[in-house]
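The values are calculated or read from the model by the stated rules, or taken from the named source; none is laboratory data. Just so it is clear, the structure is predicted and the values come from calculations on it, not from any experiment. Note: ideal-geometry Cβ built from the backbone for every residue, glycine included; neighbour counts use all protein chains shown.
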Amino acid sequence: MTPCRARQNPASSLASGSPAARRGAAAAGVQHGIRRQREAIHQDVRGTGAARQRREDVGHPVAVEVTGELRESLQVLRERVRRPRRSGEVRRLREKILKTLESELGDHEKNVLNPQRILWDLREILEPDDLLVSDVGAHKLLLGRFFRSSNPKTVIISNGLSAMGIAIPGGIAAKLNDPQRRVVTLSGDGGFLMSVHELETAKREGAATVNLVFRDGGLGSIRWKQEARYNRTIGTEFGNPDFLDLARAFGIPGFRLDSPSDLNSILAEALESKMPCLVDIPVDYSDNPYSPSAK
């Protein structure tokens, strides 16, 4: 294991150095929404002086370079760095951000539901310590924007690994690890169908997870990328089985959310179940901040 050590970076003198350096740091701060100039701590497993080379990449001067294993380095930093108080300015900024997000929610249609609003309402229904395991797809992008996690370790996302199909098996593992904790998984229909067979595993192992599926009959995020780059789509649409019939085939409870007002009652019933459950949620992704038409 590489011992953890820190050294002052000579490049940090730019923070109070030449006028040109100060203007560059200030411009970077404005670009990233940072009002006052900040210095960074750069962590790397090798002491290569990378912090000096990446000063422009991070957008502000690097004050200290920490060399060592990531886990050990973060433990040392946690002990030594004071946690700043949440100022009134930060609280006001948070309230402003929440108002902006709420204005982007949109409305439900007659036959399909607005995924942003479903995610917003889901946060209000779940307890702060309930665990949400997200699959990968269009819903994940919206989840990261509209689901306000309040406690650490309550939302699991594979993120850059882009592991479609992770939600159901990930939820099983989480439930078996902590049987008393309420576990909800969220998938698009594409990722769900990649690991749907694990519903049998969940039933056999007694992992009573609640599995939400946003159904739109397509690979949403791939569709957006194709539309943005080629102005057309190919191979992104597919048909789905009847998810209620599918749940019955696996011998587990199934629900379909036909009205947004039913979300609370359906989730309450599913969360009280002693068996894994499947909740079919028809959604429309056309009105969202990530589609090319919204740019």
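State yes or no: is residue 219 within 14 Å of residue 138 (Cα to Cα) and either in the same structural domain as residue 125 (by TED's automatic domain parsing) or basic (Lys, Arg) (or both)? Explain how you work it out, then say what you get.
Working: within 14 Å of residue 138 (Cα to Cα): yes; either in the same structural domain as residue 125 (by TED's automatic domain parsing) or basic (Lys, Arg) (or both): yes.
When the stated conditions are applied, residue 219 passes them.
Output the residue which, of all residues in segment 145-175 that are more than 10 Å from the chain's Cα centre (by Cα), among the small types (Gly, Ala, Ser) and modelled with pLDDT under 95, is surrounded by the most Cβ atoms within 10 Å (Cβ to Cβ). Can you show your working first?
Going through segment 145-175, the residues more than 10 Å from the chain's Cα centre (by Cα) turn out to be 150-154, 160-175.
This time we only want the ones that are among the small types (Gly, Ala, Ser), so: 150, 160, 162-163, 165, 167, 170-171, 173-174.
Filter again for modelled with pLDDT under 95, leaving 150, 160, 162-163, 165.
Working: 150: 11, 160: 7, 162: 12, 163: 17, 165: 20.
In this case the residue turns out to be 165.
Checking the structure you have, find out if any residue of segment 123-144 is hydroxyl-bearing (Ser, Thr, Tyr), at pLDDT below 90 and closer than 27 Å to residue 200 by Cα. Walk me through it before giving the result.
Here is the first cut: in segment 123-144, the residues hydroxyl-bearing (Ser, Thr, Tyr) are 134.
Narrowing further to those that are at pLDDT below 90: none.
No, segment 123-144 has no match at all.
Quick check on this structure: which one of 216, 245, 258 is at pLDDT 90 or above, of a type in the set (D, E, K, R), over 15 Å from residue 169 (Cβ atoms) and surrounded by fewer than 18 Cβ atoms within 10 Å (Cβ to Cβ)?
Numbers: 216 fails: surrounded by fewer than 18 Cβ atoms within 10 Å (Cβ to Cβ); 258 fails: at pLDDT 90 or above.
Being at pLDDT 90 or above, of a type in the set (D, E, K, R), over 15 Å from residue 169 (Cβ atoms) and surrounded by fewer than 18 Cβ atoms within 10 Å (Cβ to Cβ) holds for just one of 216, 245, 258, which is 245.
Can you confirm whether segment 244-265 contains a residue that is assigned by TED's automatic domain parsing to the domain that holds residue 116, under 24 Å from the mean Cα position of the chain (by Cα), in a helix (DSSP H, G or I) and among the charged types (D, E, K, R)?
The answer is no; no qualifying residue exists.
Output the number of residues of segment 270-295 satisfying the condition of being at pLDDT below 95, closer than 19 Å to residue 184 by Cβ and not aliphatic (A, V, I, L, M).
4
Across segment 207-247, what is the number of residues that are closer than 15 Å to residue 186 by Cα and without any contact (Cβ under 8 Å) to a residue 60 or more places away in the chain?
Total satisfying the criteria: 1.
If residue 181 satisfies every condition in (1) within 23 Å of residue 269 (Cα to Cα); (2) buried (at least 17 other Cβ atoms within 10 Å of the Cβ); (3) in contact (Cβ under 8 Å) with a residue 40 or more places away in the chain but one, which is the exception?
(2)
Look at residue 201 and say whether it is in contact with a Pro (Cβ under 8 Å, 6 or more places away or on another chain), at pLDDT 95 or above and either over 24 Å from residue 144 (Cα atoms) or in the same structural domain as residue 142 (by TED's automatic domain parsing) (or both). Steps first, answer last, please.
Details: in contact with a Pro (Cβ under 8 Å, 6 or more places away or on another chain): yes; at pLDDT 95 or above: yes; either over 24 Å from residue 144 (Cα atoms) or in the same structural domain as residue 142 (by TED's automatic domain parsing) (or both): yes.
Spelling it out, residue 201 is indeed in contact with a Pro (Cβ under 8 Å, 6 or more places away or on another chain), at pLDDT 95 or above and either over 24 Å from residue 144 (Cα atoms) or in the same structural domain as residue 142 (by TED's automatic domain parsing) (or both).
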